[in-house]
Amino acid sequence: MLKGISPLISPELLKALCEMGHGDELVIADGNFPSESVGKNAIVVRADGHGTAEILDAVLKLIPLDTYTEKPVALMEVVKGDSCPTPEIWKTYEKLLEKYEPEHHGIEMTERFAFYERAKNAYLIIATGETAIYANVLLKKGVVTP
């Protein structure tokens, strides 16, 4: 156990976050996301029993978002025709992004299958037990500065 590191960040997850470089992307996936099949070329870390918002909070404490791109965050947009209202969890994400990256946290809404394609190229997928639908969030890692 380390001081200052959330207990939600497992050793495997900490290692993967440390290995990521500028521009690498990670997905914090909800429980319905096909993490294993989409993540065949990624590191997939299980975080069952935890929600996406709590993992997002723990991750944003450790990595910066990419300031060289206008929208370093992507959400999977609600499929047209789906009766689902705008997911409430997105408001929680916005608050966390504002807390950790107040100057730069633009969000790109991404069509479902385009999100899957982008996730196929992610360095890391964190598979959570989140039950909210459309709770997937993709982050582009920025540069750690002194």
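The values are calculated or read from the model by the stated rules, or taken from the named source; none is laboratory data. Being a predicted model, the structure only gives us computed values, none of them experimental. Cβ: placed from backbone, ideal geometry, glycine included. Neighbour counts: every protein chain shown. Ligands, DNA and RNA are excluded from the accessible area calculation, which covers all protein heavy atoms including side chains. Shrake-Rupley method; radii C 1.70, N 1.55, O 1.52, S 1.80 Å.
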* Pop the C-beta distance of residue 83 and residue 114 into the FRET formula with R0 = 35 Å and round what comes out to the nearest 0.05. => 0.95
* Asked: Gap in Å between the Cα centre of the stretch 13-44 and the Cα centre of the stretch 56-102?
  -> 16
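Evaluate E = 1/(1 + (r/R0)^6) for residue 61 and residue 91, where r is the Cβ-Cβ distance and R0 equals 22 Å; express this FRET efficiency to the nearest 0.05.
Working: r = 20 Å, r/R0 = 0.90.
Rounded to the nearest 0.05, the efficiency is 0.65.
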* Structure fact -> Across 5 Å bins beginning at 0, the whole-percent shares of Cα-Cα pair distances in the chain come to 2, 10, 21, 25, 23, 13, 5, 1, 0, 0
* Charge dipole (the chain, unit charges on Cβ, about Cα centre) - positive-most of 106, 142, 79 -> 142
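So with the 1.4 Å probe, I'd like the accessible area per residue for the chain, rounded to whole Å². Mind dumping the intermediate values first?
Working: 7740 Å² over 146 residues.
Value returned for the chain: 53 Å² of accessible area per residue.
Computing the accessible area with a 1.4 Å probe over protein heavy atoms, can you report the carbon and sulfur percentage for the stretch 1-116? Write out the running numbers ahead of the final one.
Working: 3410 of 6450 Å².
Solvent-exposed carbon and sulfur of the stretch 1-116 make up 53 percent of the total.
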* Which percentage, to the nearest 5, of the DSSP beta bridges contained in the chain is antiparallel? -> 40
* log₁₀ of I(q)/I(0) at q = 0.16, 0.27 Å⁻¹ - the stretch 1-68, Debye sum with one point per alpha carbon -> -0.58, -1.52
* Just in the stretch 46-116: which chymotrypsin sites (Phe, Trp or Tyr not before Pro) are loop by DSSP and have at most 15 other Cβ atoms within 10 Å? -> 68
* Structure fact -> Sorted by chain and number, the residues with a modelled amide H under 5 Å from that of residue 125, at a separation of 5 or more or across chains, are 27, 43, 44, 45
* Distance in nm between label sites at residue 103 and residue 14, each 7 Å beyond Cα in the beta-carbon direction? -> 2.9
* May I ask you to list the GluC sites (Glu not before Pro) in the stretch 25-117 that are in a DSSP loop and have at most 14 other Cβ atoms within 10 Å of their Cβ? => 70, 88, 103, 111
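Over 27 Å between Cα atoms, which of 80/141; 40/99; 15/140; 40/140; 15/61 qualify?
Over 27 Å Cα-Cα: 80/141; 40/99.
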* So which residue, out of 60, 124, 26, gets the largest mean-square fluctuation from a GNM of the chain using Cα contacts under 10 Å as springs? -> 60
* Asked: Among 114, 122, 135, whose mean-square fluctuation peaks in a Gaussian network model of the chain (Cα, cutoff 10 Å)?
  -> 114
